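Working notes for the structure below.
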Amino acid sequence: MKVAIAGGGNIGTQFAVHFAEKGHNVYIHTSKPESFSSMLSIVDHNNNVIHQASIKKATSSDKEAFQGADLIFVTVPSFAMKSAARQIIPYLKKGTMIGIIPGNGGGELAFKEAIDKGAIIFGLQRVPSVARIVEYGKKVCATGYRQKLYVAALPQENTNKVKKLISTNFDMACGTLPDYLNLTLTPSNPILHTTRLYTLFKDYIPGKAYKKVPLFYQEWDNETTKLLFKCDEEVQKLCKALKDYNLSDVKSLKIHYENNTIEGFTHKIQNIEGFQGLLTPTIKFDNEFIPDLKSRYFTADFNYGLNIFMQIARMYRVDMPNCQKIINWYNSIRDISFNEFSFDDYGIKTKKAFNRFYKM
């Protein structure tokens, strides 16, 4: 197959290696093709090579990357999905599979026109592992590979086809999700990152700076866990209100991280291997710090994460006071130069229109 990957970052590089290793012709679409080696590697935390393969080409040409592709993985941030769709859609052929990795963030709607052209849209509920670039264009470190991945597709009838594709190329077990909304409402970064940012910076106003900022995960605290649990319960409440859908795979984060006590959950987050050493998104000025409002933790996880949850909640008249409190805080400090997701942009203003898309 011709496999095109939009984005040459952490996930894009990891996926390129796995699919090239299986003998596919892999093209990486990137703004920095000159930085890419033809031979890419995945290493573990001890820098041991665990996967290695040669890609066909890294290119900045939309046509060269996407024309004739059988499979396209879109690994750009959620706020860049619309732009990626504009680059990809003109070159699609009928039956092309487009994987949005991970599957939340509203990317399925950015590619709504692709479905109309006969493409298949799918997403993974979570990425295969934590992945971090070691050397851009050459090497990525992947730790904590999951035992099983979960996929959903639109139109829904294609989900089993996608399941086989993912399982075969990652050599991992893969399950199917009953409705794509299990991806859209996955309570991962949209509440994990946003609750942490709120508790860290809830007293922030322009002009304020911090002498010291804790590590994002490694110094996670019980205050954040308490708020996270409240938001997690509100997401589960929202899922119960969407009675036309089977959202049984939108698992509580208490289940996902196998801890339902505040102290136990905090300890678990602090000690996850792939989270060690990760910094809080800040900008440093004269030995003081301010939150980096241009970081993906803000621009993606609020604008294209928690914001989506709240729009669905309003559509279904579900009260989510703790999530709303966090959104209100973010709106008071946000960088307004960044757009946010809106169902209205895709003509979805009613539950009927919402169901028409997600039940196709």
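The values are calculated or read from the model by the stated rules, or taken from the named source; none is laboratory data. Remember, it's a predicted structure, so these values are computed and weren't measured experimentally. Note that we place each Cβ from the backbone using ideal geometry, even for glycine, and neighbour counts take in every protein chain shown. The area values use the complete protein model at the heavy-atom level, side chains included, leaving out ligands, DNA and RNA. Shrake-Rupley method; radii C 1.70, N 1.55, O 1.52, S 1.80 Å.
Some observations on this one:
- Segment 42-104: trypsin sites (Lys or Arg not before Pro) in DSSP coil with no more than 15 other Cβ atoms inside 10 Å: 93, 94
- Among 28, 312, 120, the largest mean-square fluctuation in a Gaussian network model of the chain, built with springs joining Cα atoms closer than 10 Å, belongs to 312.
- Euclidean distance of C-alpha centroids, segment 222-274 and segment 50-75, integer Å: 35
- Backbone HN-Hα couplings from phi across segment 43-54 [Karplus 6.51/-1.76/1.60, Hz, Gly and Pro as x]: 10, 8, 5, 9, 6, 7, 5, 10, 8, 8, 6, 9
- Accessible area per residue for the chain, computed on protein heavy atoms with a 1.4 Å probe, is 43 Å².
- In this structure, the pairs whose alpha-carbon distance is over 27 Å, taken from 112/254; 138/268; 2/294; 22/139; 94/251; 2/32, are 112/254; 138/268; 2/294; 94/251.
- Note on residue 349: aspartates and glutamates with a C-alpha under 18 Å away, same-chain residues under 8 apart excluded, are 108, 113, 244, 340.
- DSSP H segments from the chain that extend 27 Å or more along their own axis, Cα-based, with Kyte-Doolittle mean of -1.0 or above: 222-241
- Ligands, DNA and RNA left out, the 1.4 Å accessible surface of the chain is 47% carbon and sulfur atoms.
- Span from the segment 94-108 Cα centroid across to the segment 129-165 one, whole angstrom: 12
- Reported label for calculated P(r) over Cα pairs in 20 Å bins from 0, in percent given [x] 30, 55, 13, 2, 0; [y] 29, 61, 10; [z] 27, 51, 21, 1: [y]
- Highest-first packing order for the peptide set 153-160, 260-267 is 153-160, 260-267, based on the mean count of other beta carbon atoms within 10 Å.
- Expressed to the nearest 5 percent, the antiparallel share of DSSP beta bridges inside the chain is 40 percent.
- The distance separating the Cα centre of segment 1-40 from that of segment 184-215 comes to 32 Å.
- Rounded to 5, the percent of DSSP beta bridges in segment 129-213 classed as antiparallel: 55
- Only beta bridges with both residues in segment 1-143 are counted; by DSSP, about 30 percent of them are antiparallel.
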